[in-house]
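The values are calculated or read from the model by the stated rules, or taken from the named source; none is laboratory data. Just so it is clear, the model here is predicted, and its values are computed rather than measured. Cβ coordinates were reconstructed from backbone atoms using ideal geometry, including for glycine residues, and neighbour counts include every protein chain displayed. Surface accessibility is based on the protein's heavy atoms, side chains included, excluding ligands, DNA and RNA. Shrake-Rupley method; radii C 1.70, N 1.55, O 1.52, S 1.80 Å.
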Amino acid sequence: MCDNLSMKRLGIFGGTFNPVHNEHIAAARAAVKELGLNKLIVMPAFMPPHKDLPAFGAGAKERMEMLKAAFSGDDKIEIGDFEIKQGGKSYTYLTAEHYAGEGKLFFIVGGDMLSDFKTWKFPEKILALADLAAFNREDFTADYAAEREYFLNTWGKSFIKLKYEGKEVSSTEIRVYASLGLDITRMTAKSVADYIARKKIYSGGRSEEYIRTVLPEKRLVHTANVAVCALKKVKELGLSYEKTLTAALLHDCAKYKDKKNYKDFVLPEGVPEPVEHAFLGAYLAQKDAGINDGEVLDAIRWHTSGRPGMSTLSKLIFVADMVEKGRDYEGVERLRELYNGDFELCFKECLKEEVLHLINKKSPIYAETLKAYDYYIKGGK
């Protein structure tokens, strides 16, 4: 009996899975094959220690059901409920202790987790009970040699580098796309997509409901991309997730509206036609979508033109509108690289790009845009 147990190879793949996506599925199956696992337990956390669940995240029951749908038919993969039953913050060392007697234990993680591992609770206990197995992601390449040296020097034990390399898929993108009624089947299993649609898991709130009624699908895709792009920077910039999402969702809400239909709307003098929708958008966001947060309304109002003294949220929506993944113009890749690094520099370069674009098109430039250029570029703010 003990010999059989010692030969059993058990993997645990934890995460929020909010929702499970194609790369979760592919990584789990690859780990089973590469590590020769007898069983892999996919373990949804009740509450991840290092992050909060998104405002419109799925509950524990829904995340479990989506995982069951995703892995239905995988004989060597089962969905574990230990961390959900435990409640509270989900700590890996407790999970390791729970399964330690069931055979040789492996914890599967993304390579980005290696540098964070030292911040986990009792990492030494985890490594005493299990082997860490890490896979690379195309959107994040870990310095495996440096991490291996750190592991050995700190805990006297290294980790396994898996051959599998994951593609970039974002649970945030799935949630935002689903909230706007857009197709998500390229990002997750059809069974999961069907469950999300049937249960309206990520239907969102008033902003999502409103924007679905005023924009065609093509503009909804752009809107979703802006939201996903902006939300990537929320933690780094110390911004509110909810405010950022709301501003991004509503930034183009007046794109197909005629200001003449709103008798009490007053457009400031000198606003060029391409900028009008931003001012009308702030008006409609308040009037029709019930948004009264001045910072959010300003982010909508100035997302096209910019102005001096913009808030960080306004800058973020301005930039995300220019660099979201659907944009295709000369120089956008350079701006995206800056976005992933120095945000303030990226903002200034986006402002330069906007002014240059208008000059090249011989389009009228709004006075506030020129003031912003003088303030941020010439003034070095």
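Listing for the model above:
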| read-out | value |
| --- | --- |
| Degrees between helix 273-287 axis and first principal axis of the chain (Cα, 0 to 90, nearest 10) | 70 degrees |
| Long pairs among 104/157; 218/315; 39/68; 33/163; 259/371, criterion Cα-Cα beyond 18 Å | 218/315; 259/371 |
| Computed FRET value (nearest 0.05) for residue 371 with residue 333, which takes r as the C-beta separation and R₀ as 25 Å | 0.30 |
| Accessible carbon and sulfur surface of the chain relative to its total accessible area, %, 1.4 Å | 49 percent |
| Accessible solvent surface per residue of the stretch 147-256, calculated while the other protein chains remain in place, 1.4 angstrom probe, Å² | 48 Å² |
| Flagged links, alpha-carbon separation over 24 Å, of 118/348; 232/348; 8/161 | 118/348 |
| Straight-distance crosslink candidates among aspartates and glutamates, where the alpha carbon sits under 12 Å from residue 287 and sequence neighbours closer than 8 are dropped | 264 |
| Extent along principal axes [Cα atoms of the stretch 231-371; Å; largest to smallest] | 44, 38, 27 |
| Kirkwood-based shape ratio for the stretch 168-246, expressed as Rg/Rh from alpha carbons | 0.96 |
| Cβ-based net charge around residue 311, under 9 Å, with every Lys or Arg adding one and every Asp or Glu removing one | -1 |
| Largest-first ordering by accessible area, 1.4 Å probe, given options 160, 12, 84, 359 | 359, 160, 84, 12 |
| Length gained when the stretch residue 325-residue 119 is fully extended (0.36 nm per residue, less Cα-Cα span) | 71.0 nm |
| Extension gain (nm, one decimal) between residue 241 and residue 311, 0.36 nm per residue minus Cα-Cα | 23.7 nm |
| Förster radius 41 Å - calculated FRET efficiency between residue 197 and residue 344, Cβ distance, rounded to 0.05 | 0.55 |
| Peptides 272-282, 316-326, 145-155, 30-40 ordered by average Cβ neighbours within 10 Å, highest first | 316-326, 272-282, 30-40, 145-155 |
| Relative counts (whole %) of C-alpha pair distances in the chain, using bins that are 20 Å wide | 25, 49, 23, 3, 0 |
| Computed label-point distance, nm, for sites residue 143 and residue 61 using a 7 Å Cα→Cβ extension | 4.7 nm |
| Accessible area of residue 258 in the full protein assembly, 1.4 Å probe (Å², nearest 10) | 70 Å² |
| Principal-axis tilt of helix 60-70 within the chain, Cα atoms, nearest 10 degrees | 80 degrees |
| Between 0 and 90°, nearest 10: helix 312-323 axis offset from the chain longest Cα axis | 80 degrees |
| The chain: relative contact order in percent, alpha carbon pairs under 8 Å with at least 6 residues between | 12 percent |
| Spin-label pair residue 38/residue 256, simplified geometry with 7 Å Cα→Cβ offset, distance in nm | 5.8 nm |
